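A.B. asks: One structure is given below, represented as structure tokens, and several questions about it will come after.
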Protein chains: 6
Amino acid sequence: MSITVYRKSHFNAAHRLYRPDWDDQKNNDVFGKCNNPNFHGHNYALEVGITGEVDPETGYLIDIKKLKTIMKEEVEDYLDHKNLNLDVPEFKVINPTMENIAILIWNKLRDKLEDDFKISVTLYETPRNYAVYNGE
Amino acid sequence: MSITVYRKSHFNAAHRLYRPDWDDQKNNDVFGKCNNPNFHGHNYALEVGITGEVDPETGYLIDIKKLKTIMKEEVEDYLDHKNLNLDVPEFKVINPTMENIAILIWNKLRDKLEDDFKISVTLYETPRNYAVYNGE
Amino acid sequence: MSITVYRKSHFNAAHRLYRPDWDDQKNNDVFGKCNNPNFHGHNYALEVGITGEVDPETGYLIDIKKLKTIMKEEVEDYLDHKNLNLDVPEFKVINPTMENIAILIWNKLRDKLEDDFKISVTLYETPRNYAVYNGE
Amino acid sequence: MSITVYRKSHFNAAHRLYRPDWDDQKNNDVFGKCNNPNFHGHNYALEVGITGEVDPETGYLIDIKKLKTIMKEEVEDYLDHKNLNLDVPEFKVINPTMENIAILIWNKLRDKLEDDFKISVTLYETPRNYAVYNGE
Amino acid sequence: MSITVYRKSHFNAAHRLYRPDWDDQKNNDVFGKCNNPNFHGHNYALEVGITGEVDPETGYLIDIKKLKTIMKEEVEDYLDHKNLNLDVPEFKVINPTMENIAILIWNKLRDKLEDDFKISVTLYETPRNYAVYNGE
Amino acid sequence: MSITVYRKSHFNAAHRLYRPDWDDQKNNDVFGKCNNPNFHGHNYALEVGITGEVDPETGYLIDIKKLKTIMKEEVEDYLDHKNLNLDVPEFKVINPTMENIAILIWNKLRDKLEDDFKISVTLYETPRNYAVYNGE
């Protein structure tokens with residue numbers, strides 16, 4: 001029988017949505033205000049869910065302190081107080097939409113967590129807009 | 001690989017739960033305070049989830065401005081500041097419970113969104129009570 | 001030295017904003033959607049603050065169970081699942097705006113709480129709109 | 001077609017995480033601050049989800065007042081203002097982690113709810129850490 | 001007798017904290033991560049409070065639709081999806097700290113609201129850090 | 001002109017409300033479930049407000065990193081994951097009610113912050129009950 005444990009975290013970043021191969025008109029039509037060339041920003045809120053079996057010895061699915069450390073090292077240190085377009089290599093070629101940020105976070109956590117665990121990433125770009133990605 | 005994007009919205013409405021073919025005693029037994037013949041009301045909070053593939057060109061699953069517009073036209077304009085029993089045709093014959101309101105919203109959004117998208121509707125009647133419907 | 005203790009509560013109600021001595025055009029100009037003659041409704045969230053001296057014997061400003069009971073009897077039982085215009089005598093002559101509801105609640109609590117206590121009433125009509133009244 | 005209805009509740013309790021068959025060093029290594037022998041505590045927030053078919057006669061999946069009563073009798077009365085290690089028999093032999101508390105709540109509700117309903121239990125130990133269990 | 005009415009709003013922006021007349025070392029010492037030359041960003045949440053007398057004719061302190069429009073035109077249109085340092089003239093000479101942004105918003109609202117009203121501005125830079133300014 | 005800056009924090013603790021010089025009957029009458037001799041617990045949420053003048057050089061009232069550090073060292077390290085009655089000297093003689101905890105926190109912060117700053121302490125014992133103390 002499986003259970004899922006969630007941990008919340010957050011980071012703040014600037015970004016801009018646009019494609020350099022499109023002209024201004026098309027970028028404005030598709031991305032609107034998010035295409036401000038001077039950037040805007042968000043407080044991103046993150047929830048990471050880990051699914052697996054409870055360890056009968058400890059009663060833990062995962063030591064949440066360990067999960068907290070991984071989230072800090074892989075996500076917060078990498079994205080907090082950054083300009084996503086300029087400071088994060090992955091977003092030099094793809095757009096830092098909340099969908100793509102969620103997928104990036106999932107991939108980074110997947111590399112650090114045991115294969116037995118399923119992972120879900122919930123990323124709030126604002127309190128009203130969010131994305132959920134679980135790698136499936 | 002699929003992802004889900006959520007958008008939150010809200011509307012305020014009055015309603016009453018009862019069946020006209022039941023007598024007062026039975027309506028009170030089943031619906032309690034919700035059977036006040038003068039109506040009561042709620043701030044309904046809505047979360048719509050759309051599941052599908054990310055467009056590699058934009059990095060969007062769906063343009064959230066488009067989703068926001070559909071939610072406004074299909075849900076907010078139809079239900080906000082209304083008496084659900086008296087002003088909304090569907091609830092002249094069925095009870096405006098949170099379950100039935102969630103199903104109505106899902107059906108209205110299903111008609112306006114592309115078939116490739118799966119839809120989920122989360123409807124909070126109060127901050128403590130809510131329903132989730134995904135058409136399955 | 002004084003301290004303030006707060007307790008939260010909530011109730012759901014229907015209402016309509018209008019003046020019977022105004023014609024439809026003027027009521028719509030001033031009250032807009034809130035003038036729907038079939039009513040609409042809200043989940044009202046209430047925070048009551050009591051200011052005074054801490055009792056050195058118990059460490060309490062006020063027994064919060066006692067405050068909870070007064071709030072239930074004076075506010076929830078009086079307003080919950082009601083039509084404010086039709087079911088609450090005070091709102092047959094004045095408009096049930098959030099300002100007037102907050103003042104009504106303050107007056108009802110003032111009658112039941114000891115004179116030494118200062119009272120503040122915070123009333124959320126929606127999560128985005130609220131009023132604060134402290135009788136001064 | 002199925003729908004899920006959620007109800008929120010809460011309780012406050014003290015607990016300690018440790019294994020009596022481990023020495024202090026190992027308990028501190030694994031459980032850290034949660035191993036304080038004098039206990040610490042939490043405001044646990046609970047969300048119970050019930051999945052099934054809507055009753056066409058009432059428009060209810062379940063009468064939420066009935067669910068509220070079951071949650072009070074099975075969970076709140078059993079766990080609220082308790083020391084989980086000392087006052088709750090099940091946690092004399094297993095650790096009261098949020099995972100094990102969620103499983104205990106699920107088992108207690110499973111006994112009281114009709115077999116047709118699927119049940120999910122979401123238990124927040126803090127606003128940042130929570131577990132979800134659905135018996136599968 | 002006076003009452004206060006609050007309205008919430010929000011905007012998203014990028015910013016950087018630094019003084020051009022200081023060297024990098026001093027800027028980093030004082031502003032830390034907030035001195036990223038590529039900017040970072042926030043979802044700012046705003047609460048505007050208006051204090052005055054209730055109009056006995058309407059039961060309103062202020063028509064909240066009017067307040068909503070002023071907040072949109074003076075604050076959201078001016079700051080939303082902007083780079084505060086580059087796009088907002090006032091922040092070319094002073095630092096866009098949450099304190100200074102709150103004061104700017106208060107000054108802009110003061111110009112548009114009647115003199116009888118007292119104004120308070122609550123500005124959340126993150127869900128954990130906020131400033132309150134009331135012009136006194 | 002003054003401004004107030006707020007910072008949120010949190011800690012988890014166990015406690016019991018009772019007076020050793022009262023018999024069980026009287027302790028139960030006054031403190032009810034909070035008198036469980038095995039203790040219960042809470043996630044306490046803390047908001048510290050600092051009022052003063054903005055430094056024109058930095059645009060800061062106070063460096064929030066400095067405030068965060070003081071709150072960690074004075075409050076979190078002192079109260080987190082503790083049994084307030086057994087582990088905190090001040091509560092061996094007075095009851096750890098939310099009123100008394102707020103006053104203790106205020107006194108500890110007052111010693112560490114500059115005299116020019118006014119301090120307010122908001123302490124949530126639960127999401128529904130809280131106290132505010134500002135030393136006046």
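The values are calculated or read from the model by the stated rules, or taken from the named source; none is laboratory data. Here the structure is a predicted model, which means the values were calculated and not measured. We place every Cβ from the backbone using ideal geometry, glycine too, and count neighbours over all the protein chains shown. Quick note on the areas: whole protein, heavy atoms, side chains included, nothing else; ligands and nucleic acids left out. Shrake-Rupley method; radii C 1.70, N 1.55, O 1.52, S 1.80 Å.
A.B. asks: Would you check which residues across the range F:111-136 are among the basic types (K, R) and in contact (Cβ under 8 Å) with a residue 12 or more places away in the chain and list them?
C.D. replies: The answer is F:K112, F:K118.
A.B. asks: Same structure again: Given the conditions (1) touching an Asp or Glu at 6+ places or on another chain (Cβ under 6 Å); (2) farther than 30 Å from D:D29 by Cα; (3) without any contact (Cβ under 8 Å) to a residue 40 or more places away in the chain, and given that A:K108 satisfies all but one, which numbered condition is not satisfied?
C.D. replies: Among (1) touching an Asp or Glu at 6+ places or on another chain (Cβ under 6 Å); (2) farther than 30 Å from D:D29 by Cα; (3) without any contact (Cβ under 8 Å) to a residue 40 or more places away in the chain, the lone unmet condition for A:K108 is (2).
A.B. asks: Failed condition for A:N83, given (1) farther than 23 Å from E:C34 by Cβ; (2) open to solvent by less than 40 Å² (accessible area, probe 1.4 Å); (3) touching a residue at least 40 places away in the same chain (Cβ under 8 Å), with all others met?
C.D. replies: That leaves (1) as the condition not met.
A.B. asks: I'd like to check which helices (runs of 4 or more DSSP H) are fully inside the range A:33-136 and have at least 1 residues that are facing another protein chain (nearest Cβ under 8 Å) and touching a strand residue (DSSP E or B) at 6+ places or on another chain (Cβ under 8 Å).
C.D. replies: A:64-71, A:98-112
A.B. asks: Turning to a different aspect of this structure: Based on what the data block shows, is D:R110 open to solvent by 30 Å² or more (accessible area, probe 1.4 Å) and either farther than 24 Å from B:P127 by Cβ or touching a Ser or Thr at 6+ places or on another chain (Cβ under 7 Å) (or both)?
C.D. replies: yes
A.B. asks: How many residues, within the range E:123-134, are surrounded by fewer than 17 Cβ atoms within 10 Å (Cβ to Cβ) and under 15 Å from E:E47 (Cβ atoms)? Don't jump to the end; show me each part of the working.
C.D. replies: Of the residues in the range E:123-134, the ones surrounded by fewer than 17 Cβ atoms within 10 Å (Cβ to Cβ) are E:127-128.
Next, from what is left, pick out any that are under 15 Å from E:E47 (Cβ atoms): E:127.
Residues that pass the stated criteria total 1.
A.B. asks: Which one of the conditions (1) in contact (Cβ under 8 Å) with a residue 12 or more places away in the chain; (2) over 20 Å from E:T4 (Cα atoms) does C:K92 fail to meet, given that it meets all the rest?
C.D. replies: (1)
A.B. asks: Conditions: (1) under 29 Å from C:I119 (Cβ atoms); (2) open to solvent by less than 30 Å² (accessible area, probe 1.4 Å); (3) facing another protein chain (nearest Cβ under 7 Å). C:K8 meets all but one. Number of the miss?
C.D. replies: (2)
A.B. asks: A follow-up question, please. Is at least one residue of the range E:34-50 more than 25 Å from E:L79 (Cα to Cα) and open to solvent by less than 40 Å² (accessible area, probe 1.4 Å)?
C.D. replies: No - not one qualifying residue is present in the range E:34-50.
A.B. asks: Oh, and also: Can you tell me which condition C:D116 does not meet? The list is (1) of a type outside the set (K, R); (2) open to solvent by 40 Å² or more (accessible area, probe 1.4 Å); (3) under 15 Å from the mean Cα position of the chain (by Cα), and all the others hold.
C.D. replies: (3)
A.B. asks: Among what's in the range A:19-32 and is in contact with a helix residue (DSSP H, G or I) (Cβ under 7 Å, 6 or more places away or on another chain) and more than 13 Å from chain E (Cβ to nearest Cβ), pick the residue that is surrounded by the fewest Cβ atoms within 10 Å (Cβ to Cβ). Step through it out loud before you land on a result.
C.D. replies: Taking the range A:19-32 first, the residues in contact with a helix residue (DSSP H, G or I) (Cβ under 7 Å, 6 or more places away or on another chain) are A:19, A:27-28, A:32.
Next, from what is left, pick out any that are more than 13 Å from chain E (Cβ to nearest Cβ): A:19, A:27.
Working: A:R19: 16, A:N27: 19.
The qualifying residue surrounded by the fewest Cβ atoms within 10 Å (Cβ to Cβ) is A:R19.
Residues checked against (1) open to solvent by 20 Å² or more (accessible area, probe 1.4 Å); (2) of a type in the set (D, E); (3) within 30 Å of C:G135 (Cβ to Cβ):
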site	(1), (2), (3)
E:E57	yes, yes, yes
E:K65	yes, no, yes
E:E74	yes, yes, no
E:K92	yes, no, no
E:V121	no, no, yes
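Yes or no, residue by residue, for (1) closer than 23 Å to F:D87 by Cβ; (2) in contact with a His (Cβ under 6 Å, 6 or more places away or on another chain); (3) hydroxyl-bearing (S, T, Y):
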site: F:Y6; (1), (2), (3): no, no, yes
site: F:S9; (1), (2), (3): yes, no, yes
site: F:N12; (1), (2), (3): yes, yes, no
site: F:D23; (1), (2), (3): no, no, no
site: F:A45; (1), (2), (3): yes, yes, no
site: F:P56; (1), (2), (3): no, no, no
